[in-house]
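This report concerns only the one structure given below.
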Amino acid sequence: MLKQRIITALILAPAAILAIFYLPLAYFSALLMAIIGIGAWEWGPLMGFESKQKRIGFVVTTLILISAIWALLSPHDLWLNSNELHIYAISLLWIAVAWWVLSAFLMFSYPNSSGFWSKHRSVRGMFGWLTLIPTWLAFMVIRTNDYQADSYHGAQLIMFLFLMVWSADIGAYFVGKAIGKNKLMPNVSPGKTFEGFLGGVIFACLLVAITAYNLDWVREQVITALLVTVLITTVSVLGDLNESMFKRQAGVKDSGSILPGHGGILDRIDSLTATAPVFALCYMLFGW
């Protein structure tokens, strides 16, 4: 299993980096849509869909909604200038934040809170849209920031987001394995520990601090980046636990099997579905 995970990661990581930095915006948007489409397919069983027709219907509806946003907000029109984001994009990102606040409540109160939403596929479908669709928009917002002045600036921001999320995952895994004793949220994900969570936050902050030092950031920039890192790494846990909650309720171990050793697309992007909208808003509000 570990060997498969490493091989898959060694293949996917370079491909993802090349796509982020070098794909034209239209192709990057389309690739993101395809990834979200696969995520929507994998969300079907979490809604209780067993037939392919129903899962395809959810995928098509999801892609239509993203296409409508794309038509309304062209990637080149998302930013009015390097610091001002289109009001429609801001509104959609804040809706995503509101969803993750609600999601946190659902997780902390699980399984008591599942009485209503577990019985209504339409509600679980809405939760899927609130999880997946803002992810596409958030990545486009990040990728297109200051695009005219520097076409690689947004790509660097995405890699900075990946640095925070991936380093937190690695830190949480090894610290949790080594000294993890206190369960973080046993009703949702018995394997996660409070010690692992803290280890992930600390590890991510250390890597961001090293990055800031190498980039010669001033004190204010470092403080802002570290505060954002603490927020993002905390939110990343919400994304992971959110999917775990829906999988547990549906009796599903992995969202899919498209990625050997990793499971499905949702299993790989669950943290990013929560962090990308928050990161996009943080950069718009604070920058660094």
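The values are calculated or read from the model by the stated rules, or taken from the named source; none is laboratory data. Note that the structure is a prediction, hence the values are computed from the model and not measured. Neighbour counts run over all protein chains shown; Cβ positions are idealised from the backbone, glycine included.
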Can you tell me which residue among Ser51, Ser74 is among the hydroxyl-bearing types (Ser, Thr, Tyr), over 19 Å from Asp146 (Cβ atoms) and at pLDDT below 95? Ser51
State all residues of segment 118-158 that are assigned to a loop (DSSP other than H, G, I, E, B), touching a residue at least 24 places away in the same chain (Cβ under 8 Å) and either surrounded by fewer than 21 Cβ atoms within 10 Å (Cβ to Cβ) or small (Gly, Ala, Ser) (or both); if no residue qualifies, say none. Ser118, Asp146, Tyr147, Ala149, Tyr152
List every residue pair whose Cβ atoms lie under 7 Å apart, where the two residues are 6 or more positions apart in sequence or sit on different chains, the first residue falls within segment 55-66 and is closer than 16 Å to Ser29 by Cα and in contact (Cβ under 8 Å) with a residue 24 or more places away in the chain, and the second residue, located anywhere, is assigned to a helix (DSSP H, G or I) and among the small types (Gly, Ala, Ser). Thr62/Gly37; Thr62/Ala40; Leu63/Gly37
Verdict on Thr234 being part of a helix (DSSP H, G or I) and under 20 Å from Val97 (Cβ atoms): yes
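Yes/no per residue for (1) farther than 20 Å from Asp270 by Cβ; (2) in a helix (DSSP H, G or I); (3) of a type outside the set (Gly, Ala, Ser):
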| position | (1), (2), (3) |
| --- | --- |
| Thr62 | no, yes, yes |
| Ala68 | yes, yes, no |
| Ser82 | yes, no, no |
| Trp100 | no, yes, yes |
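Which is modelled with pLDDT under 95 and buried (at least 16 other Cβ atoms within 10 Å of the Cβ), of Lys253, Lys247, Lys181?
Within the list Lys253, Lys247, Lys181, the selection yields Lys247.
Residues checked against (1) surrounded by 12 or more Cβ atoms within 10 Å (Cβ to Cβ); (2) touching a Leu at 6+ places or on another chain (Cβ under 9 Å):
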{"site": "Ile36", "(1), (2)": "yes, yes"}
{"site": "Ser51", "(1), (2)": "no, no"}
{"site": "Leu63", "(1), (2)": "yes, no"}
{"site": "Ile90", "(1), (2)": "yes, yes"}
Which one of the conditions (1) of a type in the set (Val, Ile, Thr); (2) surrounded by fewer than 20 Cβ atoms within 10 Å (Cβ to Cβ); (3) farther than 26 Å from Phe127 by Cα does Ile258 fail to meet, given that it meets all the rest? (3)
